[in-house]
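Heads up: the structure comes next, in structure tokens.
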Amino acid sequence: MLKVKLTITYNLDEVADSLQDGIKFLKEHNIDSAEVRTIDGKNIAKLTLEETKTLKETLVENGLSVSAIASPLFKWYAGDVKSESDADLFGMNPFLSREEKEGMIQKIVEQACILGTKKIRIFSGLKPDSGDHSLPQEESELLKY
């Protein structure tokens, strides 16, 4: 028998598009931890801080904690790259200015604090169709930011 305590978590939007349906599923399966990415079809990064507080209240009322935010951070093109993407962007624009990227990073960190999680899942970036695929300096600086 395992002696290590494990936390089973499930991404709410992989259960259903509806928050309430996702909560119902988790409760039916005795899972008390959720990863959040989209809530009722809206990416976590597009929720206001007030909506994030309401989400937290709803989850707490249902006995759920947040294990991590599955954020859209770094699921964008670096620098001024313009390319077509067939990746699932979860409702987000992959062409952002540096200021928009910094703003999203700050907001996701604030949301993590509201939701009571220390874990934010990020992506490795979107690659252009051709050219250099190394991590540009700006993206390295954004990781530090």
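Under the Karplus relation 6.51 cos²θ - 1.76 cosθ + 1.60, θ = phi - 60°, what is the ordered set of whole-Hz ³J(HN,Hα) values for region 99-107, x standing for Gly and Pro?
Computed from phi, the couplings for region 99-107 are 4, 5, 5, 4, x, 5, 4, 4, 5 Hz.
Given H placed 1.01 Å from N in the peptide plane, which residues other than close sequence neighbours of L73 have an amide H under 5 Å from its amide H?
Here the answer is F123, since their amide H atoms fall under 5 Å of that of L73.
Among all the lysines, which ones have a C-alpha under 18 Å from K75's C-alpha, if same-chain residues fewer than 8 places away are not counted?
K42, K46, K101, K107, K119, K127, K144
Among DSSP bridges having both ends in region 5-82, what percentage is antiparallel? Round to the nearest 5.
That works out to approximately 25 percent antiparallel.
Using θ = phi - 60° and the Karplus relation 6.51 cos²θ - 1.76 cosθ + 1.60, list the HN-Hα couplings for region 44-57 in order, rounded to whole Hz, with x at every Gly or Pro.
3, 5, 9, 6, 6, 5, 5, 5, 5, 5, 5, 4, 4, 4
Starting from the Cα of K24, draw a straight line to each of the lysines and keep only those under 18 Å, dropping any in the same chain fewer than 8 residues away.
K24 reaches K56.
Quick one: net charge of N62's neighbours, Cβ under 13 Å, K/R +1, D/E -1?
Working: positive: K24, K27, K56; negative: D21, E28, D32, E57, E61.
Charge balance in the 13 Å sphere: -2.
When each pair of different Cα atoms in region 9-72 is counted once in the 1/r mean, what is the Kirkwood radius in angstroms, to one decimal?
Final number for the Kirkwood radius of region 9-72 is 11.4 Å.
Just going by the charge dipole of region 20-76, with Lys and Arg at +1 and Asp and Glu at -1 on Cβ, which of A45, L64, I23 is farthest out on the positive end?
A45
Read the figures in this text as sums done on the coordinates, not as results from a lab. Source: prediction; values computed, not measured. As a convention, Cβ positions derive from the backbone with ideal geometry for all residues, glycine included, and neighbour counts pool all protein chains shown.
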